[in-house]
Each structure stands twice: as C-alpha cells, then as structure tokens.
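**Student:** Before anything else, here's the structure in question.
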Amino acid sequence: MQSIVVTGVSTGIGWGILKVLIQQGFRVFGSVRKTEDAERLSKEFGERFVPLFFDVTDELAVQAAAQQVREQLNGETLFGLVNNAGIAVPAPLILQPTDDFRHQLEVNLVSVLIVTKAFVPLLGSDRSLRGKPGRIINISSVGGKRGSPFLGAYVASKHGLEGFSESLRRELMLYGIDVIIVGPGSVATPIWDKADQADFSMYDNTDYGYAGERVRKYMIKEGKNGYPPEKVGEVVLRALTIPNPRVRYSVIPGSSFRRIIQMFLPKRVVDRIIARNLGFINK
C-alpha cells in the first residue's frame, strides 16, 4: 500500500484531499492538532487514515512525526507529501499588526520548509530506502499569482510559496523528487462560516471601514459558491500519479472567459475596477 503525508486534514481542502486519496487506496498520514479530530477522521475513513499530531510550525513535533512515518514505512519510500496546512489573516496592510503578518508567513511559508525538510529523506533523498522517489504537492492559491485588497499577508505567503516551490523543484532534481503546485480559487469549506462571524469592527473608524466590509461579504459569497474540496483532492491525485505532471495546476471555479479577462487586462485597468468597487475612487 502506497503512503502519502498530508498536512492539515481536519477540515476543508485537507479533508477533501484525504477523502479522495483514501478512496483511491492510499494510506494517508494526516496531520491534526486535536484528539477529537483524529478520532472523528479515524471513524470516517478507517484504518487507511493514520493521524499525526503536530502543529506545522513546531519543528521538533514535525520531526518526531517523520520518524513515526519512517518506522511504519519499513524501509520503503514515501509516495508523496502534500503541504496543505495554512491560514488567512486578513487586514489592510498598513494597519495590520506586524506580529499578525509574521504569523501569516510562519504558518503558510516557513512551516512548508519545516515539513519538507523533515519528510524529504523519506521521499528519496535518503538513498538507502527502497522504491521510487516521491512527489511534493504544495497547495498555493489564486492569491499566489494575483494580489487582493485586505489579503496582502496571505498573498505574500502564497507568492513566496510559488517561488519556494520552483526553487525546490530544481534543487530536488538531484534526487528525482518532483515538486508541483496546486493553486485553488474559491473552495466551499467551513472557513467561510468563520469569515461570516469575523470581527472587522477594528477598522470601522478607519479609511478602510467601508471597503473592508465589502471585501468580507464578497469573499463569503465567492467561497460558498466555490468548488467542493474533493475537486482539489482530484487534482492533487492527478498530480501525484500521472507520468508527466505539469509544474502547476489551477483549480478555479467560474467561466473561463472571466479568468481570461482578469489575466490579460492591463494591471492598471484591473486596479481601477477594484478601486471603484471598494469606493476608493469615484470613476
């Protein structure tokens, strides 16, 4: 049975990836932080799900989990690693506390290095293991290619992840380990229920009060109308298993015409459209 490690599987995209991979016969080592999540997922998915308890920013805990996986692989290589765990810390950049910005980068970017360093020996950099080299899938975002107001910290983390992944892919050619990016757009997950309850009142009396509320409502609407998380899981499965995968896959709902317009309009034109919608300019 081939084995894959996926971080952040308790809900959302991670849960969707876990579901698809287990349905396809893989054993999945999935990271969680709470015992109740591990128990719920074990009941839902059975013995092919193996919980790993760690926070992705805790380097010692991640290393201990990698040793646990090594022991269960019995000298075989790991088929894949999916770096999925992440958060969004929204705020207008010039008002965002520096510690919040730093925390965003720590969880979404630094932790990917922590996890990758811990598990890359099992993917094949340890040449004493038996089997083909594995693949790394890094879950980025549409925000890895385009900036959005009030999501600057998140966008910075995902832009960073895109560059990190490209550099890593070229370095790991030494071992035959491939690195592939999957960049989802809106996905219908419980994160949007949390967004609906988010408190943006700290910005009410700032120049960004009106715009912040419009952005929040837009994100909730887009998210609830997004793809089911299993859709991302299907793309991850393809990236892990087909002989010649692309280096990046987009998973973006909506019409292709809308996406093309957004891609090819001049940046200054897009800026003005966004600014008008947020009330930054009148025309």
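Just so you know, all these numbers are worked out from the coordinates, no wet-lab data involved. A quick note: this is a predicted structure, and the numbers were derived from the prediction, not measured. Backbone-built Cβ (ideal geometry, glycine too); neighbour counts: all protein chains shown.
**Student:** With a ≥ b ≥ c the root eigenvalues of the C-alpha gyration tensor of the chain, is it rounded (a/c under 1.5), prolate (a/b larger than b/c) or oblate? Write out the running numbers ahead of the final one.
**Tutor:** Details: a/c = 1.95, a/b = 1.73, b/c = 1.13.
Prolate, because a/c is 1.5 or more and a/b exceeds b/c.
**Student:** With charges only on Cβ, +1 for K and R and -1 for D and E, what is the dipole size of the stretch 1-155 about its Cα centre, in debye, rounded to 20? Before the final figure, lay out each step's value.
**Tutor:** Working: 16 positive and 14 negative charges, 128 e Å.
That gives a dipole near 620 debye.
**Student:** Given the DSSP H assignment, sum -39500 (n - 2.57) over each helix run of at least 4 residues in the chain and divide by its residue total; what's the result at 222 nm in deg cm²/dmol, nearest 500?
**Tutor:** Result for the chain: -14500 deg cm²/dmol, rounded to the nearest 500.
**Student:** Order by neighbour count: LYS43, LYS19, fewest other Cβ atoms within 10 Å first, most last.
**Tutor:** Sorted ascending by nearby Cβ count, the order is LYS43, LYS19.
**Student:** Picking from ASN225, ASN108, ASN74, which is most flexible by a Gaussian network model of the chain using Cα springs under 10 Å?
**Tutor:** Residue with maximal mean-square fluctuation among ASN225, ASN108, ASN74: ASN74.
**Student:** What full-extension length gain, to one decimal in nm, is calculated for ASP126 and GLU36 as 0.36 nm per residue of separation minus the Cα-Cα distance? Provide the component values of the computation, followed by the final result.
**Tutor:** Numbers: separation 90, 0.36 × 90 = 32.40 nm, distance 3.41 nm.
The span from ASP126 to GLU36 would gain 29.0 nm if fully extended.
**Student:** Right, next: Between LYS267 and GLU44, what FRET efficiency follows from the Cβ-Cβ distance if R0 is 45 Å, with the result rounded to 0.05?
**Tutor:** 0.50
**Student:** Sticking with this structure for a sec: Just rank TYR227, TYR249, TYR154, fewest to most, by other beta-carbon atoms within 10 angstrom.
**Tutor:** Listed from fewest to most nearby Cβ atoms, that is TYR249, TYR227, TYR154.
**Student:** Assuming 0.36 nm per residue, please report the length gained on full extension of the stretch LYS221 to THR206 beyond their Cα-Cα distance.
**Tutor:** Contour length minus the Cα-Cα distance gives 3.0 nm.
**Student:** Whole number please: convex hull volume per residue of the Cα set in the stretch 132-181, in Å³? Could you put the intermediate results ahead of the total?
**Tutor:** Numbers: hull volume 2.5 nm³, N = 50.
In the stretch 132-181, the Cα hull volume divided by residue count equals 51 Å³.
**Student:** Order these by the 10 Å Cβ neighbour count, fewest first: ILE139, ILE22.
**Tutor:** Fewest to most other Cβ atoms nearby, the residues stand as ILE22, ILE139.
**Student:** Just check the stretch 19-81 against the gyration tensor rule for me: Cα atoms, a ≥ b ≥ c as the square roots of the eigenvalues, rounded for a/c under 1.5, and otherwise prolate or oblate depending on whether a/b exceeds b/c.
**Tutor:** Here the stretch 19-81 falls in the oblate category.
**Student:** Oh, and also: Quick one: which residues, 5+ away or cross-chain, put their amide H under 5 Å from the amide H of PHE150? H built at 1.01 Å from N.
**Tutor:** LEU93
**Student:** Which one of PHE164, PHE119, PHE264 has the biggest mean-square fluctuation once the chain is modelled by GNM with Cα springs under 10 Å?
**Tutor:** PHE264
**Student:** Any of LYS158/LYS224; LYS117/LYS267; LYS158/LYS267; LYS117/LYS221; LYS145/LYS221; LYS34/LYS224 with alpha carbons more than 28 Å apart? Name them for me. Mind dumping the intermediate values first?
**Tutor:** Numbers: LYS158/LYS224 21 Å; LYS117/LYS267 37 Å; LYS158/LYS267 19 Å; LYS117/LYS221 37 Å; LYS145/LYS221 21 Å; LYS34/LYS224 26 Å.
Over 28 Å apart, Cα to Cα: LYS117/LYS267; LYS117/LYS221.
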